[in-house]
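> First the structure, which I've put down as structure tokens, then a few questions once you've had a look.
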Amino acid sequence: MKKIIFLLIMAVAVTACHKNVPPAAYLDADGNCIFENNVVRYRIAGNSNSAVIPGMEAILIATGEEDELIELDRHCAVELSMNDGGSAVVFEDSLYFPQENFSSFEIVEQTGAHVIFKLEYPKWQVGEYVVALTRTITLRYNSYFCEVADDYSGLAGKPLKVAVGYEKHEVLDSETGKDYMITWERLPEGNGEIGLCIAVPMTDDFVFDGPNNQAVAYVSTSTARKVQYAAGFCWSRGEVPDFETWAEMVRL
């Protein structure tokens, strides 16, 4: 948890507050989960969405002149970030993602400083087992990072291996530390750059060139222990203009 706490402190120290937007989470008209604060906005696909997306998508935002909120074209954001912050069960060297998007959404706690909400995913088959996932996400004011706790059930108490990570695209720079992995990628059509991060204090098993062109962290745990990690995004048109600034927010 030290890494996650550090990320939150550094985000507050670096970020300039332009919009007084308290953290919030809600369902949009299409049943997707939107969660946002004054510097980031995310979307997680709901069960009414025909495409199964195990991770989260960054809706990249920045503050322009006179505090006008600028949002990157949605198609570009989806293409570049739709699978960041997702996890999967590793069973017999294969990744088993949820087979459906989340089926229920619940606000656990909401204050001016943070929002905590819970997503339930329908059961799916992993080998001879049937597993389910409860995902609890915390987003704090002024932070580029959300904290995720994935609680898997259904493996009858057997040891569990989970993969957490993100897809890579046009990588300009990257760095892997003891318990984090970050990249800096070029967006198409002159839209600047995007920073991605996964920080997993529970492991030091990171593979940058993982399966399906993904950067992946592997966590060995049990079904009684939640897999905890932080996922983050930034956009170069916001308050994090370059890779070095992004990296300094994550390094110990």
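> For GLU248 and LYS161, calculate 0.36 nm times their separation in residues minus their Cα-Cα distance, and state this gained length in nm to one decimal.
Stretched out fully, the GLU248 to LYS161 stretch lengthens by 28.3 nm.
> Moving on to the next point. Apply the Karplus curve 6.51 cos²θ - 1.76 cosθ + 1.60, θ = phi - 60°, to the phi angles in segment 51-56 and return the couplings in whole Hz, x for Gly and Pro.
So the J values, rounded to whole Hz, are 8, 7, 10, x, x, 10.
> Shifting gears a bit: Does segment 108-229 come out rounded, prolate or oblate, given a ≥ b ≥ c as the square roots of the eigenvalues of its C-alpha gyration tensor, rounded meaning a/c under 1.5 and, failing that, prolate meaning a/b above b/c?
Oblate, since a/c reaches 1.5 and b/c is not below a/b.
> Right, next: Packing-wise, with mean Cβ within 10 Å as the measure, how do 46-59, 133-146 rank, highest first?
Ranking the peptides 46-59, 133-146 by packing returns 133-146, 46-59.
> Same structure again: Each residue of segment 104-113 in turn: what ³J(HN,Hα) in whole Hz from Karplus with 6.51, -1.76, 1.60 and θ = phi - 60°, glycine and Pro shown as x?
In residue order, the calculated couplings are 9, 9, 9, 7, 8, 7, 9, 10, x, 9 Hz.
> Roughly speaking, what is the stretch gain from LEU27 to SER222, that is 0.36 nm per residue apart minus the C-alpha to C-alpha distance, in nm to one decimal?
Values: separation 195, 0.36 × 195 = 70.20 nm, distance 3.11 nm.
Value of the extension gain: 67.1 nm.
All of the numbers you see were taken from the coordinates with simple rules; none came from a lab. These numbers come from a predicted model, not from an experiment. Quick reminder, even Gly has a Cβ in these numbers, built from the backbone with ideal geometry, and neighbours come from all protein chains shown.
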